[in-house]
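I have placed the structure first, in the form of structure tokens, so that the comments after it can refer back to it.
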Amino acid sequence: MRERLRNEDRVVLDLKLDGPWLGNLAANVPDALYQMRKRGTLRTLQRGRYLVATEEPVPGRQPRTPLDELDPVADAVLRRLSMDYYVSWHSALWHHGLLDQQSRRIYVAVTQRKRSVVLGQASVQFVTVTARKFFGRKRVEEFEWPVWMATVEKTLIDSFDQPRLAAPVPVVANALKRAHREGMLNPERLVADALHFGSPTLNRRLGYFMDLYDIPGSEPLTGRLGRKYAVALAPGHDPHDESPPVNRRWRVYEDAGIVGAALELK
């Protein structure tokens, strides 16, 4: 079942649509669905519609379903927005399966300042970005209402640009590695999006970690690194007192703690 839905690029099981072929998989479809809900493979969205976990549940660990907290948010907040938006940073990393820990805060990019919203145990933080950086989104149909979500490539760029909204830099770097390893990443699109984003500092950090993980295609970034001698791998981290070596290709301080942590994560 999961393989068929994945081939059709969806994670919602709809009995009206999928009933005929489900009957070929199980003699008693209602009982099979009950057992899957009991195991945590399915989560009920509404009568006859279920969200399918993206991986088989592991005993003692909550199964992953795409951004569990987003269903009520999509209905109560995003559906009613009168402006363009897209979900990114930590929320999109989780949705794409590139993080192992979910947050109850949903990060949403907008081009106009908007106050954050608290909805039950979840909250929506609106992050104002410039029009130039507002791109790289796609419409997903996996929730109660269609949601605009950052692509894998734009999610990574946003996260390297503002890791405080996503995860520590080693974790963001590991998400880059996982996306490439699992065939989710288009390196050419990633680099093209980074150049469009227009941040020399981002280009340096992204290029460095692409090379660290042997991800091809970083060469176009080398011509857009700016004039500054060197920058830190993590925003706000001042490496001058520690005097770490400088990577000459990307002109970043190779902080041993950051690089070591990024390499240790799997």
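The values are calculated or read from the model by the stated rules, or taken from the named source; none is laboratory data. Fair warning: this is a prediction, and the values are worked out from it, not measured in the lab. A quick note on method: Cβ atoms are made from the backbone with ideal geometry, for glycine too, and the neighbour counts reach across all protein chains shown.
Within segment 237-253, one or more residues are surrounded by 15 or more Cβ atoms within 10 Å (Cβ to Cβ), in a loop (DSSP other than H, G, I, E, B) and modelled with pLDDT under 95. For segment 107-164, a residue qualifies if it is more than 23 Å from residue 236 (Cα to Cα), crowded, with 16+ Cβ neighbours inside 10 Å and β-branched (Val, Ile, Thr), and the qualifying residues are 110, 117, 124, 140, 147, 151, 152. Is there a residue in segment 219-229 that is modelled with pLDDT under 95 and of a type in the set (A, V, I, L, M)? Scanning segment 219-229, I find no residue that is modelled with pLDDT under 95 and of a type in the set (A, V, I, L, M), so the answer is no. Can we say residue 253 is free of Cβ contacts under 8 Å to residues at least 24 places away in the same chain and of a type in the set (Phe, Trp, Tyr)? Judged against the criteria, residue 253 is a match.
Go through segment 174-192 and give me each residue that's of a type in the set (S, T, N, Q) and surrounded by fewer than 20 Cβ atoms within 10 Å (Cβ to Cβ).
186
Results for (1) among the small types (Gly, Ala, Ser); (2) out of contact with any His (no Cβ under 9 Å at 6 or more places or on another chain); (3) at pLDDT below 95, shown as yes or no for each residue.
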site: 117; (1), (2), (3): no, yes, yes
site: 130; (1), (2), (3): no, yes, no
site: 135; (1), (2), (3): no, no, no
site: 142; (1), (2), (3): no, no, yes
site: 155; (1), (2), (3): no, no, no
site: 171; (1), (2), (3): no, yes, no
site: 183; (1), (2), (3): yes, yes, yes
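In this structure, residue 91 does not satisfy being surrounded by fewer than 22 Cβ atoms within 10 Å (Cβ to Cβ), at pLDDT below 95 and either of a type in the set (A, V, I, L, M, F, W, C) or outside the structural domain of residue 194 (by TED's automatic domain parsing) (or both). The residues of segment 189-214 that are β-branched (Val, Ile, Thr) and either more than 18 Å from the chain's Cα centre (by Cα) or under 18 Å from residue 227 (Cα atoms) (or both) amount to a single one, 201.
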